[in-house]
Amino acid sequence: MRIYLDNCCYNRPYDDQSQLKINIEAQSKLEIQQQIRDGKLELASSYILELENRVNPFEMKKKSIQSFIGTYTKVYVSSNMDAEVRKKAAEIMKSGVKLMDACHVACAILAGCQVFMTTDKRLLKYQTNEVRIINPVIFIVEQEAER
């Protein structure tokens, strides 16, 4: 299964873990990363994700995230596809999704992902037949139910 994680997911383990919801989302994201390392899930990423990560003010977080993406990405949407990304993002934005979020979803769709993961409550409200948008906790719970 090919998946795309947005910047919120990558940063979740660095957020304040004293909040239960954040802690559970962080643990789920870390489990998903392990499944990527183990080859059980195929990671897609994009130039949009790298651009967003580049402006991360925390050097250690930025390097860690980029290292994971660089090591485990199997499908990459490059800036050569910018016109297609912008066109798809414009369609998505018509439903009220913000520009960067729409670009991430567009990249996931163009990468042929089955699943797009985010912890962003507003983005989780957007649904499309082109890619499943889901919180990492729900993804893990559903995996456990299938076993």
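Shape verdict for the chain, please, from the Cα gyration tensor: rounded (a/c under 1.5), prolate (a/b greater than b/c) or oblate. In terms of gyration-tensor shape, rounded.
Rounded if a/c is under 1.5, else prolate if a/b beats b/c, else oblate: with a ≥ b ≥ c from the C-alpha gyration tensor eigenvalues square-rooted, which is the stretch 15-69? It would help to have the intermediate numbers written out before the result.
Working: a/c = 2.18, a/b = 1.07, b/c = 2.04.
Because a/c hits 1.5 or more and a/b fails to exceed b/c, the stretch 15-69 counts as oblate.
Near N56, no amide H atom lies under 5 Å from its own; only residues 5 or more places off or on other chains count, and H is placed 1.01 Å from N.
One Cα centroid belongs to the stretch 1-67, the other to the stretch 72-143; the line between them spans 14 Å. When the Gaussian network model of the chain links Cα atoms closer than 10 Å, the mean-square fluctuations of K29, K61, K125 top out at K125.
Please identify, among Y76, Y14, Y47, the residue showing maximal mean-square fluctuation in a Gaussian network model of the chain using a 10 angstrom Cα cutoff. In the Gaussian network model the winner is Y14.
Can you tell me the dipole magnitude for the chain around its Cα centre, using point charges on the Cβ only (Lys, Arg +1; Asp, Glu -1), in Debye to the nearest 20? Provide the component values of the computation, followed by the final result.
Details: 21 positive and 19 negative charges, 40 e Å.
About 200 debye.
Cα gyration tensor of the stretch 38-77, axes a ≥ b ≥ c as square roots of the eigenvalues: rounded (a/c below 1.5), prolate (a/b > b/c) or oblate? Oblate is the answer for the stretch 38-77, as a/c is 1.5 or above yet b/c matches or exceeds a/b. Counting only protein heavy atoms and a 1.4 Å probe, the chain has 53 square angstrom of accessible area per residue.
Computing the accessible area with a 1.4 Å probe over protein heavy atoms, can you report the carbon and sulfur percentage for the stretch 1-146?
On the way: 4060 of 7670 Å².
C and S fraction of accessible area: 53 percent.
Calculated mean residue ellipticity at 222 nm for the chain: -17000 deg cm²/dmol, from DSSP H runs with n ≥ 4 weighted as -39500 (n - 2.57), summed, divided by the residue count and rounded to 500.
In this structure, M1 and T128 have a Cβ-Cβ separation that, at R0 = 25 Å, corresponds to a calculated FRET efficiency of about 0.90. Net charge in the neighbourhood of G39 (other residues with Cβ under 15 Å of its Cβ; Lys, Arg +1, Asp, Glu -1) is +1.
The values are calculated or read from the model by the stated rules, or taken from the named source; none is laboratory data. The model shown is predicted, which means the values in this text are computed figures rather than measured ones. We place every Cβ from the backbone using ideal geometry, glycine too, and count neighbours over all the protein chains shown. SASA here: full protein model, heavy atoms, side chains in, ligands and nucleic acids out. Shrake-Rupley method; radii C 1.70, N 1.55, O 1.52, S 1.80 Å.
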